[in-house]
Amino acid sequence: MDQQIDLTEGIRKVFLAGVGAIAMGAEKGQEVVDDLVKKGELTVEQGKALNQELTIKAKAAATDSSDALLRSKLESMTADERAAYVAHLGEIAADVDAKTTKVEVDADEADKAE
């Protein structure tokens, strides 16, 4: 069991390093685009479009890394551990949903309540 925990911790560290590298790469990419716009080698609109594309690709890469980490974690678990983990995630999702649910109140109904 200790080896499993060490492996998961190692994977987590690699994942965090990867996310950091992706973030730095996107930031550097945006700096390069900004410099090209300043030099007149790109229009402002082209720069905005390129920055948006860089952001989308960075988010996609981070999502792929997250999925790989989750898959690795799940593969290291027994079937019972996976079932418990999924149940726990369901509880977390329900809690998040309960906190983010907005209730719409009809203005007439709000007046009647007073």
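The values are calculated or read from the model by the stated rules, or taken from the named source; none is laboratory data. These numbers come from a predicted model, not from an experiment. Because the Cβ atoms are built from the backbone with ideal geometry, glycine has one as well, and the counts that use them run over all protein chains shown.
Quick notes on this structure:
- Among the residues listed as Leu89, Leu36, Leu70, the single one being in a helix (DSSP H, G or I), modelled with pLDDT under 80 and of a type in the set (A, V, I, L, M, F, W, C): Leu36
- Of all residue pairs spaced 6 or more apart or on separate chains, those with beta-carbon atoms under 9 Å, a first member in the range 34-56 that is at negative phi and among the charged types (D, E, K, R) and a second member that is surrounded by 13 or more Cβ atoms within 10 Å (Cβ to Cβ) and in a helix (DSSP H, G or I) are Asp34/Gly47; Asp34/Asn51; Lys48/Val33; Lys48/Val37.
- Flag for Ala62 being surrounded by 12 or more Cβ atoms within 10 Å (Cβ to Cβ), part of a helix (DSSP H, G or I) and at pLDDT below 75: yes
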